[in-house]
Amino acid sequence: MDIFLTYALAFALAVPLGTLIARVFSAPASRLTSRLLRLTGVDASRPMNWRQYGAALLGTNALIGVVAFLLYALQGGLPLNPDGIPNLRWDTALHTAASFITNTNQQHYSGQSGLSYLSQMLGITALQFITPAVGMAALFAVLRGLKGESNVGNYFLDVTRAIGLLIPASFVLALLLTSQGVPSTFGGATTATLLESQMVESEAVSTQIIPVGPVAAMVAIKQLGTNGGGWYGPNSSVPLENPTPLSNLFQMVGIIVFPVALVFAAGLFLRRRRFGVALIGVMSVMSAALTLGAVLSERQPNAALAGLAAVGGNLEGKEVRFGPDATALWGAITTQTSNGSVNGMLDSFNPLGGLVPQLGMFLNDVYGGIGVGLINMLVFVILTVFIAGLMVGRTPELFGRKIETREIKLASLIILLQPLLVLGFTAAALAFSTVTANSNPGFHGLSQVLYEYNSAYANNGSGFEGLGDNTPWWNVTCAVVLILARFLPILGPLAIAGYLAQKKAAPETSGTLRVDTPVFAGMLLSVMLLLQLLNFAPALVLGPVAEQLSLNTPPAVSSTGAIK
Amino acid sequence: MTTSDQTQSAETPSLPQPGPGSWLRFSLFWLVACGLAYPVVTTLTAGALFPAQANGSLITRGGQVVGSALIGQTFTGDRYFIGRPSAAGAGYDPVNASGSNLAPSNPALRERVAATSAEIAAREGVPASRIPADLVTASGGGLDPHISPAGAAVQVARIARVRGLPEERVRELIAANTQAGVLGLGQPGVNVLRLNLALDAGQ
């Protein structure tokens with residue numbers, strides 16, 4: 001039921017939302033927007049070419065990243081810090097800034113106790129709006145290039161339009177979530193008196209601190225903006241962050257609604273609805289397959305319970321109110337969309353269930369992060385056009401414009417970047433095993449390391465959270481992966497679109513390779529699966545697949561050993 | 001083709017664009033609008049519409065806050081229904097919310113489950129094969145307020161015996177404190193804190 005309702009509701013909302021988005025990005029700037037932008041010194045009616053657009057994107061992001069870094073690194077002495085939370089260490093601050101400026105929300109600082117209110121609001125919540133808006137802006141710039149407009153739009157206007165869509169949507173979702181029990185207050189934590197006092201290190205403890213705060217406002221944009229970074233450490237598995245099965249549904253729909261809507265919007269914006277539908281079809285086939293895999297896996301018992309409890313689905317790291325289905329579904333869609341929030345602990349998924357999020361992030365464009373997921377997909381469209389063109393012996397073209405060496409070189413480099421960074425750093429971390437700080441031995445230890453870099457590259461932010469990742473090694477290497485994996489796959493396609501826009505368009509004839517047919521969709525699907533998954537097959541065989549095979553005999557009760 | 005009239009030009013003449021000063025002003029504007037204005041307006045509105053939920057769904061007894069309906073507590077005594085194992089601090093500590101993060105292949109998980117399973121089997125007098133999985137597994141955040149209806153049923157005999165209540169009465173209280181998702185969403189759960197409060201109130 002969770003599965004059906006999530007997809008049904010998300011698609012029902014995505015069609016009108018996509019129409020709205022396409023209209024907003026086609027219309028001229030409203031008077032209010034123009035006036036607002038003029039205050040910051042921007043002329044909204046002045047279009048940019050792709051180089052100027054890319055420069056403005058990089059420039060503003062760099063500035064925001066520096067501001068965020070300074071906020072975290074100096075928060076101890078800044079206002080709005082009632083609990084006297086100290087500065088973040090330099091490497092943690094660097095990683096956190098890189099993580100939030102790239103729409104990733106990978107968190108290496110300790111849960112809800114690591115940041116002051118000021119850092120939380122200006123440094124986290126604000127970036128959770130700005131970064132998806134940047135992704136959406138970049139997508140429309142690329143689409144304009146593909147339409148043949150060599151002025152790809154005004155960066156500042158596009159970001160403003162996107163934030164203007166995200167704010168009201170988040171406001172509504174925040175109210176819905178509060179109705180279910182997500183806290184919304186600026187008051188401090190409440191201390192409750194326990195029914196039964198509890199012995200902690202041979203001292204009786206009779207109270208429980210219930211931390212609250214402006215949680216709902218943040219959780220709403222965390223989901224709608226494919227952000228994923230939660231208020232509480234264990235994210236949406238904490239009942240205060242996700243209290244009921246209904247709040248769980250709202251959040252799951254929130255996770256995928258914008259990514260799905262953007263694909264519809266792109267079809268309308270390009271005036272090629274069938275192309276949009278073909279892309280949605282390809283994405284949905286992959287999405288359904290991944291979700292099915294996760295659900296089937298988590299319905300299986302946890303091997304560690306064999307003979308020790310009644311046979312049932314895997315509940316380690318899962319909440320009773322959600323159960324295996326809704327948790328597996330969440331795990332699947334949160335990694336398809338680059339969101340990265342969780343409502344259960346992925347580290348304790350059955351091995352093949354834990355493989356699904358890894359696959360979702362390797363693909364990283366099954367709906368994908370806001371804007372950037374579809375951009376990734378378009379890179380594969382270009383490659384597929386090229387490969388298909390070679391197969392039938394025609395000049396490869398997309399929307400009438402020739403795809404030539406320069407474009408293919410760029411597209412190939414973008415695709416090669418992923419295995420290079422993910423596998424390269426995984427190998428480096430494993431080679432110096434003292435840096436990894438695994439919580440689990442054996443094959444699963446390898447999966448933990450691979451997952452961390454995979455999540456960083458996909459700008460996802462979920463994790464096999466047992467990893468002791470708040471160390472200079474993890475912080476610095478992940479920051480490098482985060483930044484390269486965010487900006488190169490935006491700037492590369494922007495350049496491709498810019499180059500294509502300068503080419504003369506040939507009229508489409510009966511000989512043109514059509515990109516909106518089921519045949520092309522099937523071709524696209526195979527190219528994506530071959531290119532993206534084969535790169536990672538060996539690592540996956542050594543990690544989750546080997547772990548699954550080793551579980552066929554339940555492990556003996558013995559002391560833990562570190563990964564060798 | 002809609003844009004076949006596009007001329008082929010080397011690069012469109014570029015209009016001068018605003019520089020770093022505008023980048024900074026633009027960035028600061030949105031940092032403040034999204035980081036201060038949005039959370040303040042949203043939080044105050046939500047708090048006004050749903051005051052009980054907005055403050056953490058607190059439960060009071062005799063004027064004293066005894067917990068949140070959304071957060072479990074550690075129970076060990078025979079007089080109470082017992083919740084799931086918790087990896088949050090010393091158990092059900094919201095400030096240290098956490099899952100175990102132990103993989104199914106991790107021997108440490110099997111050791112922990114074996115210990116819990118033996119404990120429950122002894123306490124409730126049931127074989128391991130009748131212990132529902134939720135009672136031996138830690139939840140995602142370590143704060144799960146629920147156990148499964150089967151997890152409550154297994155404890156009925158003990159509660160009835162210790163409290164001197166008919167088993168039927170205990171089952172009624174379980175039913176009254178079972179929460180199910182609307183529209184068949186999620187799974188039904190018995191709220192352990194509410195159930196234990198109801199037991200106390202009934203005596």
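Report yes if some residue within the stretch A:248-255 is at the interface with another protein chain (Cβ under 7 Å from one of its Cβ atoms), crowded, with 20+ Cβ neighbours inside 10 Å and in contact (Cβ under 8 Å) with a residue 24 or more places away in the chain; otherwise report no.
yes
Would you point out the residue of the stretch B:39-90, among those that are more than 8 Å from chain A (Cβ to nearest Cβ), more than 27 Å from A:LYS222 (Cα to Cα) and in a loop (DSSP other than H, G, I, E, B), that is most open to solvent (accessible area, probe 1.4 Å)?
B:ARG79
Taking the stretch A:304-335, which residues are part of a loop (DSSP other than H, G, I, E, B), open to solvent by less than 10 Å² (accessible area, probe 1.4 Å) and touching a residue at least 24 places away in the same chain (Cβ under 8 Å)?
A:ASN314, A:GLU316, A:GLY317, A:LYS318, A:GLU319, A:ARG321, A:PHE322
Go through the stretch B:111-139 residue by residue and tally those that are crowded, with 24+ Cβ neighbours inside 10 Å, of a type outside the set (Val, Ile, Thr) and facing another protein chain (nearest Cβ under 7 Å).
4
If you scan the stretch A:79-113, which residues turn out to be under 23 Å from A:TYR232 (Cβ atoms) and of a type in the set (A, V, I, L, M, F, W, C)?
A:LEU80, A:ILE85, A:LEU88, A:ALA93, A:ALA97, A:ALA98, A:PHE100, A:ILE101, listed by residue number.
Determine which single condition A:ILE124 fails, assuming it passes every other condition in (1) modelled with pLDDT of 95 or more; (2) within 13 Å of chain B (Cβ to nearest Cβ); (3) within 30 Å of B:GLN17 (Cβ to Cβ).
For A:ILE124, the failing item is (1).
Which one is surrounded by the most Cβ atoms within 10 Å (Cβ to Cβ) among residues in the stretch A:74-96 that are part of a helix (DSSP H, G or I) and free of Cβ contacts under 8 Å to residues at least 60 places away in the same chain? Spell out how you get there, then give the answer.
Keep residues of the stretch A:74-96 that are part of a helix (DSSP H, G or I), which gives A:74-77, A:90-96.
Retained after the next criterion (residues that are free of Cβ contacts under 8 Å to residues at least 60 places away in the same chain): A:74-77, A:90, A:93, A:96.
Numbers: A:LEU74: 15, A:GLN75: 24, A:GLY76: 12, A:GLY77: 9, A:TRP90: 14, A:ALA93: 23, A:THR96: 30.
Only one residue fits best here, namely A:THR96.
Suppose we filter A:ALA22, A:ALA56, A:ALA12 for residues that are assigned to a helix (DSSP H, G or I) and open to solvent by 40 Å² or more (accessible area, probe 1.4 Å); which single one remains? Step through it out loud before you land on a result.
On the way: A:ALA22 fails: open to solvent by 40 Å² or more (accessible area, probe 1.4 Å); A:ALA56 fails: open to solvent by 40 Å² or more (accessible area, probe 1.4 Å).
It is A:ALA12.
Can we say A:SER338 is more than 21 Å from A:GLN548 (Cβ to Cβ), more than 13 Å from every other protein chain (Cβ to nearest Cβ), in contact (Cβ under 8 Å) with a residue 12 or more places away in the chain and in a loop (DSSP other than H, G, I, E, B)? So that I can check it myself, show each step before the final result.
Working: more than 21 Å from A:GLN548 (Cβ to Cβ): yes; more than 13 Å from every other protein chain (Cβ to nearest Cβ): yes; in contact (Cβ under 8 Å) with a residue 12 or more places away in the chain: yes; in a loop (DSSP other than H, G, I, E, B): yes.
The answer is yes for A:SER338.
Which one of these is under 30 Å from B:ASP200 (Cβ atoms) and out of contact with any strand residue (DSSP E or B) (no Cβ under 8 Å at 6 or more places or on another chain): A:SER170, A:SER179?
A:SER179
Do you know which residues across the stretch B:16-37 are touching a Ser or Thr at 6+ places or on another chain (Cβ under 7 Å) and open to solvent by less than 20 Å² (accessible area, probe 1.4 Å)?
B:SER22, B:PHE26, B:SER27, B:CYS34, B:GLY35
Would you mind finding the one in A:GLY188, A:GLY148 that is assigned to a loop (DSSP other than H, G, I, E, B), in contact (Cβ under 8 Å) with a residue 24 or more places away in the chain and more than 9 Å from chain B (Cβ to nearest Cβ)? Spell out how you get there, then give the answer.
Numbers: A:GLY148 fails: more than 9 Å from chain B (Cβ to nearest Cβ).
Result: A:GLY188 is the single residue among A:GLY188, A:GLY148 that is assigned to a loop (DSSP other than H, G, I, E, B), in contact (Cβ under 8 Å) with a residue 24 or more places away in the chain and more than 9 Å from chain B (Cβ to nearest Cβ).
Somewhere in the stretch A:273-284, is a residue surrounded by fewer than 22 Cβ atoms within 10 Å (Cβ to Cβ) and part of a loop (DSSP other than H, G, I, E, B)?
No; the residues of the stretch A:273-284 include none that is surrounded by fewer than 22 Cβ atoms within 10 Å (Cβ to Cβ) and part of a loop (DSSP other than H, G, I, E, B).
Just give me the residues in the stretch A:431-470 being in contact with a Cys (Cβ under 8 Å, 6 or more places away or on another chain) and either of a type in the set (Asp, Glu) or without any contact (Cβ under 8 Å) to a residue 60 or more places away in the chain (or both), in sequence order.
Across the stretch A:431-470, the qualifying residues are A:GLU452, A:TYR453, A:ASP469.
Which condition number in (1) touching a Gly at 6+ places or on another chain (Cβ under 6 Å); (2) touching a residue at least 60 places away in the same chain (Cβ under 8 Å); (3) of a type in the set (Ser, Thr, Tyr) is the one that A:SER348 fails?
(2)
Scan the stretch A:410-427 and give yes if some residue there is out of contact with any strand residue (DSSP E or B) (no Cβ under 6 Å at 6 or more places or on another chain), more than 30 Å from A:LEU355 (Cβ to Cβ) and touching a residue at least 24 places away in the same chain (Cβ under 8 Å), otherwise no.
Among the residues of the stretch A:410-427, at least one is out of contact with any strand residue (DSSP E or B) (no Cβ under 6 Å at 6 or more places or on another chain), more than 30 Å from A:LEU355 (Cβ to Cβ) and touching a residue at least 24 places away in the same chain (Cβ under 8 Å), which makes the answer yes.
Can you name the number of the only condition in (1) at the interface with chain A (Cβ under 8 Å from one of its Cβ atoms); (2) without any contact (Cβ under 8 Å) to a residue 12 or more places away in the chain; (3) among the charged types (D, E, K, R) that B:ASP93 fails?
(2)
The values are calculated or read from the model by the stated rules, or taken from the named source; none is laboratory data. Treat the numbers as computed from the prediction; the structure is a model and nothing was measured. A quick note on method: Cβ atoms are made from the backbone with ideal geometry, for glycine too, and the neighbour counts reach across all protein chains shown. Just so you know, the surface numbers come from the protein's heavy atoms only, side chains and all, with ligands and any DNA or RNA stripped out. Shrake-Rupley method; radii C 1.70, N 1.55, O 1.52, S 1.80 Å.
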